[in-house]
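The block underneath contains the structure these notes are about, expressed in structure tokens.
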Amino acid sequence: MQLTQEQTNIVNSTGDIKINAVAGSGKTTTVIEYAKNQPKSCRILYIAFNKSVRLEADKKFREKGLTNVTVETAHSLAYKNTVFQHKYVVRHQGYKTYELVEMLQLTGSGEKLAEYVIANHINKFMAYFCNSDKAKVQELNYLDIVTDEKAQVFVTTFYDYIEAKTRLLLSKMNSSKIEITHDFYLKKFQLSKPILNYDYILFDEGQDASSTMLDIFLKQKATKVIVGDTHQQIYGWRYAVNSLEKVDFKTFNLSTSFRFSQDIANLSMEVLNWKTGLTDYEQFPIKGEGSTTKHTTKAVLARTNLGLLLQAIEYVTEKKMPQKIYFEGNINSYTYADEGASLYDVLNLDNGKYTYIKDKLIKKMSNLDELEEYVKKTEDIQLGLMIEIVRKYGNEIPSLIKKIKDQHVAHDEKEKAEMIFSTVHRSKGMEYDTVKIVNDFISEEKIEKSKKDQSKVNVDPSKIIEEINLLYVAVTRTKNIVHIPESLLPKDFPPSPYIHIELIDSKPDKKSQSTSKAKKQNDTIVKSYTAQESRLKPSKAHQSWTADLDKELLNMHNADATMTELICHFKRSSGSLRMRIDKLTWGDDL
């Protein structure tokens, strides 16, 4: 295999290093080659981000005959060294708000629902501590991560009580009086100051490591390699600290993506440029050398679970839903918030059907307005989105969800899906031929407004930066075409056959001439590309249409492929394609 000069430099390096790798730059291949270059007598530990990545990495190392490499996640290491030793029982789903109210006997000093708001903050405070490098809860100020003004007022009022109950909850876990969480046993492992007996430790997805993981890693005597992409840090809500920026190792870059074209690389860089003025951002050049023209895998990517569900509902209502679809992860999880409240619970609350509400927290609410007040005090974004969906679709929700589930294929039939639906977090590390981005990401306009408001209100730049990273990750999942809402397109971005701009308004009148930026740019793309087709691509205009090509053309047309996509794929002019589509659709009666 031919390595790039950047990859060769990494493989031949010595000492502790960090690798900043852009999306699709072959970092796993590079790390495997680095491991191969070390003496076979060396013991090497590769720390993967999650279980699915661990299994895939383990398979790749074995295929290369690297039997001296052990592949783990930070949690699997902690589990083996902590849970078994103390005979803990692990609670896989964490504790719900109402469970903490009962377990810790919380009270709210007479303020309505205050005990549930307190429980919500205790859960977050516990997670904040367990993902930190601190030894005691008292060493942290929980208010540092509370940004909403109403939430800050509430937490300030009850701070001592919230901190004391957080410590009580951790104490109950430590003494095995209650089941422990995954965060807890990782924290316990870190506090035990473990020694990992390896010569080399390779830490993948370092940008999403918590302070707990980073502390364990840095205290080892082994030669250390941390790998990741600074701009793919999207787990700040899980208290990731972008460890790449916190590690003072010799830096190597992997700046060439073999996944996508230079046009997509340019779009990615323009999105990242939004960070200017929010942090000490220096543009990182990305070179795109991907060249696929396939349209086999198509994905819809959203910022949030419920934003994705909302998009799927819109597909159903517009009768555009493909016959076979697949949701990354369990499809049922998209109708639930992290703490267990379901979309149906919120709908039943809106209808006053309290006996049908299963979640105890939602059952305590009198109406949606009261639930909204709870959301403001807890910063619970997922519940807020549920309220929006219920207010928009009301009692149509059950039938719409049923239609979506009826067209969903099983996990082992994922390859049969005509469209894959996923959140950015679930699509991390994946790639698709074509990506459609849902309009629930941050935009350049919102960022500019936030910059202006920084002097007036409490704006957290780190949260805005993470929102930019989310859009960057979404854009870089594509291998070929990206469909992006015009509101998310960087200002003055030039036309490209690989970037299709989606209108975000209601359906335009076919008789009227839209003057939107999206229509103008898409028309320019088609015209300029068609005019230069013979120069840019080998023309197939004189080749006969075959039955297979006709079938492929109809399939893409029926799947709402744009003219730009058809031109790129079939290497024929727009006029030729339109005539063929009309003939296949209407026959010879035209």
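Points to keep in mind about this one:
- Simple point charges give the picture: +1 on the Cβ of Lys and Arg, -1 on the Cβ of Asp and Glu, and for segment 35-126 a dipole about the Cα centre of about 740 debye.
- For segment 213-296, applying the loop criterion from DSSP together with a ceiling of 14 other beta carbons within 10 Å to the trypsin sites (Lys or Arg not before Pro) yields 219, 221, 294.
- The length gained on full extension between residue 16 and residue 320, counted as 0.36 nm times the residue separation minus their Cα-Cα distance, comes to 104.2 nm.
- Rounded if a/c under 1.5, otherwise prolate or oblate - segment 319-361, Cα gyration tensor axes: oblate
- Proximal lysines to residue 112, defined as alpha-carbon separation beneath 16 angstrom and excluding residues fewer than eight positions away on the same chain: 150, 360, 363, 364, 376, 377
- Each Lys and Arg adds +1 at its Cβ and each Asp and Glu adds -1 at its Cβ; summed about the Cα centre, segment 313-367 shows a dipole of about 240 debye.
- FRET E, pair residue 246, residue 55, Förster distance 25 Å, beta-carbon r, rounded to 0.05: 0.35
- Per-residue ellipticity at 222 nm computed for the chain from its helices equals -13000 deg cm²/dmol, with DSSP H segments shorter than 4 residues left out and the rest contributing -39,500 (n - 2.57).
- Seen through its C-alpha gyration tensor, with square-root eigenvalues sorted a ≥ b ≥ c, segment 203-356 comes out oblate because a/c lies at 1.5 or above while a/b is not bigger than b/c.
- Placing unit charges on each Cβ (+1 for Lys and Arg, -1 for Asp and Glu) gives the chain a dipole about its Cα centre, and among 421, 44, 441 the Cα reaching farthest toward its positive end belongs to 44.
- Length-normalised contact order of the chain in % [C-alpha pairs under 8 Å, at least 6 apart]: 15 percent
- Interchain or long-range residues, amide H under 5 Å from residue 242's placed H: 209
- Shape of segment 117-256, Cα gyration tensor, a/c cut at 1.5: oblate
- For the chain, the longest site-free run once GluC sites (Glu not before Pro) in DSSP loop states with at most 10 other Cβ atoms within 10 Å are removed: 1-281
- For the chain, share of DSSP beta bridges that run antiparallel, in % to the nearest 5: 5 percent
- Placing +1 on the Cβ of every Lys and Arg and -1 on the Cβ of every Asp and Glu, with nothing else charged, gives the chain a dipole about its Cα centre of roughly 1200 debye.
Each reported figure results from applying straightforward, stated rules to the coordinates on display, with no laboratory input. Computed from a prediction, not measured in an experiment: that's the story for all the values here. FYI the Cβ positions are ideal-geometry reconstructions off the backbone, even for glycines, and counts take in every protein chain you see.
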